[in-house]
Structure formats: C-alpha cells, structure tokens
C-alpha cells in the first residue's frame, strides 16, 4: 500500500497510522491532483471498488463511469480547500470492471490535505456504502404509505353498499394504487367455467360479456391457483391478445378476488407497456387491494340481496292487495307486470293464453308493447320461449344475448337488439298449463336463483 507524502515521521506514529488504515471499516483514500491519482487506498476502499487496481491510477481510469460526477467535486475541493460532504448520494457504480453500472448509495466526504510547498494538492476521501440502509428505509416508507392507502381504500369501500358504486371506487382507486392505466372486474359464473364482466374503467364492451375460461388461460390460472398472474402482450394466449388490444395495453396483472378462500372473480389491471412483472412488495400491495375489493363486493352483494328480499316482500304484499282488487284478466296482468317491472327492472312484459292451436297475447306493457300487441297471435308450436314454456311446462331463462338470438332468432325481430335476457314461465292451475308469462331485460341484468324463485312465485299468483 502506498504512503501519503505528508505522513508524520517516527515508527510508532507510522505503525499506528498503518493499523488505522488497515482496520478502518470506512473506505479511506488519498488522491493527488491534477488527475487525482490514488496514492493511498486502504482495504475497505479496495473492497468497495472490487476488482480494480487503485494505487498509481487516476479516478478516470479506476471508475470511468463516475468520473463525470466525481472529478468536478475533487477539483473544487483541491482548489478552494472547502470540504465536500454527501449523505446517501446515489451513484451509478459498476460492481466490477466491465459490468453494467448499478445504482448504489454512498455517504462520503472530500477534504484537502495541508498544502506543502512545491507539491500538488492532495484530497483525503472517505466513503461508506449506504445502499442497504437506503433501500430498507425506502421499503419501510413504502410499507407505511401502502398501509395508509389500503386503510383509505378500505374506508372508501366500506362507505358504499351499492354494488355499482363499490365497483367504480374499487376500479379507479385500485388501478391508481397499482400504477395501471385501466381495469376491469369479472365475476365467476355459477358453472365455474366462465366469467362475466361486471365493471370496466373504459367502455370496451366487457360489462355483461360472458367469456369461457378456456379462452383466457392466464385468467383461468389466476382463478385455479388463487394467486396474482402477470403476463405481457407477447405471452397472451387464445383471445387474451384481442382483449388487451381493446384497451391498448402492453401487459396485464390478474388478481383473484378471494373471500374466505372462496373465489368471487378477478380484477384485471392493465399497464401501458410490457414492463417487468411487479416486484414482491408490489405484488403484496396488489393482493391487499384485491382482498379489500373482494370483501367490499361480497359485502355489497349481501346487502343487495337483503335489500332485494325486503323489496320483494313489500312488492308481494302490494301485489296480493292489487290482485284482490282485480276484476278482469287485464287488471290481473297489469298488476303482475307492474310487480315484475318493479322487482326486476324488466324492459317489457306480456302474458299469453291458449286459443286452440294458437297463443293469444292478453296484454303487454313496457318497451315494445304496441309491437307485441300487434303480434297478438302465434302458433303453440312456434319456435320461441313463451310457446316452448307453454308446451313443456318448464321455465326458460336466457341470460346471454347471443344465446337468445341463436336459440330463438325471432327475438331479434320481436324485442330488438337491446335484450340481454328473457324469462318465460308457464302459468299452471292444478297441474294444467293455462298460459305463459314473459319478461325481457336490458343488458347487464342476469337472473340469479333468488330472482328465478321470485318469478316462479309471481307466476303462481297470476295463475
């Protein structure tokens, strides 16, 4: 190891200084102007600048990637004598010669040594790497910030019991927290083989869309293994690429919505680029966001079910009173339609009764009522839901527009393209079918088991 030119004389002092330099945990070096050549570099400096020859070489030769930052500082200290101190300063330093620079943090100082006549100035440098401390501190700060963000999200979601409001809050807040550009929420269908779009950040025809899981393999994986799944556009399979293209996304993070280990659906977060997958702490935040959203959706759905049950009880009581006052079939039909429209948000409703080999429309209400009355008769053998319900004595429910038009092409002519679902229920008296009741629904309204049970009850009241 080299010796500084201004070292104090005497073997005892020299040995002591050698001991300090050799054992100090801090990197210590002496650099001589004008090129700032290393004259002294202790073992800690050699460890910090691993794989590099130091003594006798200049800063530009030893650490060329830092020369642009360090040389101006060294020159100023050498010329002015004013010390320089930096705390947790980020520097892009290669771990070894020829390797790519990595961002690392250092606390270091430069001080000019006492000037001696005829000699160029020398600068004493000391340095300690603080990368681990900085990253640990930043991680702790991120954890605190994210804990506050999750608490804020939980508070916002808990304040809303309306499903649509909860979904919109979840969409916008979660996408912001996770650094995405857009999101969508899909719920798992009862058959467990497909998902139905429930909400979306940008209108891209996903709300109400039913997508078989076999067409979206990464979503199926997230649901099957109950874990977040990230993939880039280049890794998209089946129809996933087309869905990403609809929102101009370069990658997607799919988060399963879990409540007590039960999978409710998925939360898609879209990113503009195909950047690297989320880091571990980002994935942890994503899981926390998804958990809050799932709890909020489950809570809102439970509230909605309870509210619907109360509304149906009230509607049933009003319907019973209305039926008691009805004197004609149209009066009964009107009471039934009003109850059906109020309870289910139906688009249109009508009732038919047999007349020989035909079914006659007794009355119709809601959208397209005049058009329905104009088609006052149709054959019992006709290929349409009401006729089939009358013939078979079985209720027919169509929740998917494509399925409805595929099975019954006449629906497109009768109800138009806005119909998503239709319920056709047989009306029976003492085991004999006396007619059929029909309700049609707007897009986004699917009938669950409770809906269908209530409709069956309405049908018994009409009959």
Going through (1) touching a helix residue (DSSP H, G or I) at 6+ places or on another chain (Cβ under 8 Å); (2) at pLDDT below 95; (3) not in a loop (DSSP other than H, G, I, E, B) one by one, residue 47 fails only at (1)
Residue count, region 178-224, condition in a loop (DSSP other than H, G, I, E, B) and within 22 Å of residue 274 (Cβ to Cβ), comes to 9
Among residues of region 362-383 being surrounded by 14 or more Cβ atoms within 10 Å (Cβ to Cβ) and at pLDDT 85 or above, the residue farthest from residue 406 (Cα to Cα) is 380
Of (1) crowded, with 17+ Cβ neighbours inside 10 Å; (2) at pLDDT 80 or above, residue 415 fails just (2)
Residue 278 vs (1) at pLDDT below 70; (2) in a helix (DSSP H, G or I); (3) surrounded by 15 or more Cβ atoms within 10 Å (Cβ to Cβ): all pass except (2)
Next item on the list: Consider residue 219 carefully, then state whether it is crowded, with 21+ Cβ neighbours inside 10 Å and either touching a helix residue (DSSP H, G or I) at 6+ places or on another chain (Cβ under 8 Å) or in contact (Cβ under 8 Å) with a residue 60 or more places away in the chain (or both).
Entry: yes
Practice prompt. Kindly establish whether residue 114 is in contact with a helix residue (DSSP H, G or I) (Cβ under 9 Å, 6 or more places away or on another chain) and more than 15 Å from residue 48 (Cβ to Cβ).
Written response: no
With criteria (1) at pLDDT 85 or above; (2) part of a strand (DSSP E or B), residue 273 comes up short on (2)
Counting only residues in region 191-203 that are surrounded by 16 or more Cβ atoms within 10 Å (Cβ to Cβ) and within 18 Å of the chain's Cα centre (by Cα), the one nearest to residue 167 (Cα to Cα) is identified as 199
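To keep it simple, each residue is scored yes or no on (1) touching a residue at least 12 places away in the same chain (Cβ under 8 Å); (2) in a strand (DSSP E or B); (3) loosely packed, with under 15 Cβ neighbours inside 10 Å.
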position	(1), (2), (3)
52	yes, no, no
56	yes, no, yes
72	no, no, yes
85	yes, yes, yes
92	yes, yes, yes
96	yes, no, yes
99	no, no, yes
103	yes, yes, yes
109	yes, yes, no
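So, in region 8-35, how many residues would count as being in contact with a strand residue (DSSP E or B) (Cβ under 9 Å, 6 or more places away or on another chain) and at pLDDT below 80? Outline the logic, then answer.
Within region 8-35, the subset in contact with a strand residue (DSSP E or B) (Cβ under 9 Å, 6 or more places away or on another chain) is 20-21, 24-33, 35.
Subsequent filtering for residues that are at pLDDT below 80 retains 20.
Matching residues across region 8-35 total 1.
Based on what the data block shows, is residue 440 modelled with pLDDT of 85 or more, in contact with a strand residue (DSSP E or B) (Cβ under 6 Å, 6 or more places away or on another chain) and either assigned to a strand (DSSP E or B) or within 16 Å of residue 349 (Cα to Cα) (or both)?
Values: modelled with pLDDT of 85 or more: no; in contact with a strand residue (DSSP E or B) (Cβ under 6 Å, 6 or more places away or on another chain): yes; either assigned to a strand (DSSP E or B) or within 16 Å of residue 349 (Cα to Cα) (or both): yes.
The answer is no for residue 440.
The values are calculated or read from the model by the stated rules, or taken from the named source; none is laboratory data. Quick caveat: nothing in here was measured; it's all calculated off a predicted structure. Quick reminder, even Gly has a Cβ in these numbers, built from the backbone with ideal geometry, and neighbours come from all protein chains shown.
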